[in-house]
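Every number in this text was worked out from the coordinates using simple rules, so none of it is lab data. Everything quoted here is computed from the prediction, not taken from an experiment. Don't worry about glycine lacking a Cβ; one is built from the backbone with ideal geometry, like all the others, and counts go over all protein chains shown.
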Amino acid sequence: MSTPSSRRRPGFRWPPRCVPARWSSCPSHRLTEDVAVTSLTGPVRAGAGRVAAAHTAPSICSALFTVTAGGTIQDQPPVIAIGDSSSGHNVSYFAASDGFVYAVDASTGALLWLTNPSGATPATGNGFTNASPSVFVKSFSTAAYTRTSDLVVIGTRNGGSTTANQIDGLDGNTGAIVWQLIGASGGNPNMDIVASTPVIDYKNNAIWVTSHANGGTTQPSIWKINPNTGARIAAANLGNMSTWPVVPVGADVVFAGTDAGTLFALSPTSSPTITTLASASDGDTTIVGAPLVLTFSSPYTIIFAGATTIQEWIFNKSTNTFTTTGAGTFKINTPGGCTPTAPLGFPSFPKVYFGCSDGHIYQVDIGSGTIDGNRLLRSATTIGDLAMDVTLNVIMAGSTNSRVYAYTFPF
């Protein structure tokens, strides 16, 4: 996802689903779907294609264009601004279950290129699902990145193999295959499915990718890759990982959670094995989504979701220890044991938010460790991952009732 130029820092990656939007510049309030919009003064029902209410509601654009892929698209495409992109376009990249990666002009919807790096078809199942590509942006990089163009990175989800999945690096301008890291090939260990989005680490000139590990700890589940060559720098056998790791601004540690509920703090510079600095179990069977890191340096404040809890821990880099109880931590049970989304918030803001399988978005007060607000989107529906417009203070979510909702925050 493109980092705004004025806020770029080496090693910094905007949290997924938390980027400045510009709804206010949209030319009209027309909607292409039946969308519920909520303002400070109450809910607005946008029916028949228009916002028909006197409330002060955020401006919402109609669709600028539609691009049809040959398969399912299940995550949020990154968008790189023309001033940052090496392509000469405002460009968006996405991957689909048909095995293709697509690049489109984000202003016009024109297809710039499409590439099938693994030769997959929908019948083979070796496509891209549950994850979007990441982009190693040349203009954000240090001198250690020697390529002349942006690099698009994506991992395969071939459910028919627990050994031969792959990570592909593509030229952001042309879609040409730059390199491929293939499991059980070229001296690489086995690679199970990749179900998460790669993470770009500009400070350490690296790409971090998590994967499943055939249900055990005998093959890698986190990989550190050289963006210039695609070579494996390091890896670690930590057990199945379905969510992406997190590299904080200082890039002096990497946080990654397993499907079994263990949060790891890892060394970003160790090789050939990624060294564990600390680990702890959340006591809640799994970790849902990526941890949310709310501080720019140690001690790190980390908030994450378990199967039915939202928890806050502290990691101290000086001692390489997690604090999981006591001052500065909390553990909240979700209402009725509903299944949460990954929490969403941003540094210096006192609230975080999560959606749940009971149809609500919940607001958590970080200082007290309590739920102090909520919005019911629709009962008996499941809420998807949240998104934030941090300029207009609007939080957005999709639901299994086929609607998208937006509310101003804090609640």
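Values as computed for the structure displayed
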| quantity | calculated |
| --- | --- |
| Over 20 Å [Cα-Cα, region 150-239], rounded percent | 27 percent |
| Inter-site label distance for K331 and S279 at 7 Å from Cα along Cβ, in nm | 1.9 nm |
| Per-bin percent of Cα-Cα distances, region 237-300 [5 Å] | 4, 19, 28, 27, 17, 6, 0 |
| Sorted peptide list for 160-170, 353-363, criterion being average Cβ within 10 angstrom, highest first | 353-363, 160-170 |
| Cα centroid of region 97-111 to Cα centroid of region 256-329, whole Å | 35 Å |
| R0 of 56 Å, Cβ-Cβ distance A144-R403: FRET efficiency to nearest 0.05 | 0.80 |
| FRET efficiency, 1/(1 + (r/R0)^6) with R0 41 Å, evaluated for A231 and A81 via beta carbons | 0.85 |
| Order by protection proxy (mean Cβ within 10 Å, highest first), peptides 388-401, 214-227 | 214-227, 388-401 |
| Distance in nm between pseudo-label sites at T319 and T269 (7 Å out along the Cβ direction from Cα) | 2.3 nm |
